[in-house]
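J.: Sharing a structure here in structure tokens format.
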Amino acid sequence: MRCPYCGSLDTQVKDSRPTEDSSAIRRRRVCPDCGGRFTTFERVQLRELTVVKRSGRRTPFDRDKLARSIEVALRKRPVEPERVERLINGVVRQLESQGEGEITSEEIGSLVMEALKALDDVAYVRFASVYRNFTEAREFSALLDEISGDGREAAVDEAGGERD
């Protein structure tokens, strides 16, 4: 592992232990050249995933990008970091276990929305507003009605229009 401080390739592992949910190995490393200390995480990757964007473009799946988007939705929400990590691991496991090497960005968004809905309503609405590209306040209202289950059947479709 390359040292992030000096670039040396000769780093040493000082401590290894599983993460709390045993989905990764946390390694404390030290660089003998500069004395820098840093942490790395080793995770199981079942297969290489490719994301098919709405435009048709294909990009490699990036777990960190997924984590950042979830973190933005959860910003300033009272959710423990361990629960967020479990959510991210769960979504990644679902994606990897689908058996497909290519997944659409819509599939990823749907899985994240489903997971966020169970975790935190505010984060769910935040993520949905970006994922579904809300342009009007009534779209928020329809989503909030859907969450509160007040009996209204209005929902917002992927194109942003209201349907009954």
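J.: Mind checking the angle between helix 137-148 and the chain's longest principal axis? C-alpha axes, 0 to 90 degrees, to the nearest 10.
T.: Here the helix axis deviates by roughly 80 degrees.
J.: What length, rounded to one decimal in nm, is gained on full extension from residue 147 through to residue 82, with 0.36 nm per residue of separation minus their alpha-carbon distance?
T.: That pair, residue 147 and residue 82, stretches by 20.9 nm at full extension.
J.: Further, regarding this structure: Pick out which of 50, 104, 11 has the largest mean-square fluctuation in a Gaussian network model of the chain, springs linking Cα atoms closer than 10 Å.
T.: 11
J.: If you line up the long axis of helix 105-119 against the longest principal axis of the chain, both from Cα atoms, how many degrees apart are they, to the nearest 10?
T.: It is inclined by approximately 90 degrees.
J.: The stretch 41-96: which trypsin sites (Lys or Arg not before Pro) are DSSP loop and have at most 15 other beta-carbon atoms within 10 angstrom?
T.: On the way: sites: 43, 47, 53, 54, 57, 58, 63, 65, 68, 75, 76, 83, 86, 93; in loops: 47, 53, 54, 57, 75, 76.
In loop regions of the stretch 41-96 (DSSP not H, G, I, E or B), the sparsely surrounded trypsin sites (Lys or Arg not before Pro) are 47, 53, 54, 57, 75, 76.
J.: By how many nm would the segment from residue 110 to residue 71 lengthen if fully extended, with 0.36 nm per residue of separation less the alpha-carbon distance?
T.: 12.4 nm
J.: Under 5 Å between amide hydrogens, which residues at least 5 positions from residue 50 or on another chain qualify, with H placed 1.01 Å from N in the peptide plane?
T.: 61, 102, 103
J.: Please turn the phi angles of the stretch 10-27 into ³J(HN,Hα) values with the Karplus equation 6.51 cos²θ - 1.76 cosθ + 1.60 (θ = phi - 60°), one per residue in order, whole Hz, x for glycine and proline.
T.: 9, 9, 10, 7, 9, 7, 10, 7, x, 6, 4, 9, 6, 8, 8, 10, 9, 10
J.: A further question follows. Let's test the formula: R0 of 25 Å, r as the Cβ-Cβ distance of residue 25 and residue 117. What FRET efficiency results, to the nearest 0.05? Numbers along the way, then the final one.
T.: Values: r = 31 Å, r/R0 = 1.23.
Computed FRET efficiency for residue 25 and residue 117: 0.25.
J.: Still on this structure: Only sites in a loop by DSSP and with at most 11 other Cβ atoms within 10 Å count here; which GluC sites (Glu not before Pro) in the stretch 18-111 make the cut? Intermediate results must be reported in sequence, preceding the final value.
T.: On the way: sites: 20, 42, 48, 71, 82, 85, 96, 100, 102, 106, 107; in loops: 20, 48, 100.
In loop regions of the stretch 18-111 (DSSP not H, G, I, E or B), the sparsely surrounded GluC sites (Glu not before Pro) are 48.
J.: Residue 1: net charge of surrounding residues, Cβ under 15 Å, Lys/Arg +1, Asp/Glu -1, itself excluded?
T.: On the way: positive: 2, 14, 26, 27, 28, 29, 37, 43; negative: 10, 15, 33, 42.
Surrounding charge for residue 1 is +4.
J.: Quick one: helix 121-131 against the long Cα principal axis of the chain, what's the angle to the nearest 10°, folded into 0 to 90?
T.: 90 degrees
J.: Could you check the simple spin-label distance between residue 137 and residue 34, using points 7 Å along Cα→Cβ, in nm with one decimal?
T.: 5.2 nm
J.: Now for a separate question. Rounded to the nearest 20 Debye, what is the dipole magnitude of the chain about its Cα centre when Lys and Arg each give +1 and Asp and Glu each give -1 at the C-beta? It would help to have the intermediate numbers written out before the result.
T.: On the way: 29 positive and 31 negative charges, 216 e Å.
So the dipole magnitude of the chain works out to roughly 1040 debye.
J.: Candidates [x] 19.7, 66; [y] 17.4, 56; [z] 14.2, 41; which is the computed Rg and Dmax of the Cα atoms in Å?
T.: [x]
J.: Would you work out which of 109, 148, 22 lies farthest towards the positive end of the dipole of the chain, given +1 charges on the beta-carbon of Lys and Arg and -1 on that of Asp and Glu, about the Cα centre?
T.: 22
Bear in mind these aren't lab numbers, they're just calculated from the coordinates by the rules spelled out. Since the structure is predicted, the reported quantities are computational estimates derived from the model, not experimental observations. Glycine gets a Cβ as well: all are built from the backbone with ideal geometry, and neighbour counts include every protein chain shown.
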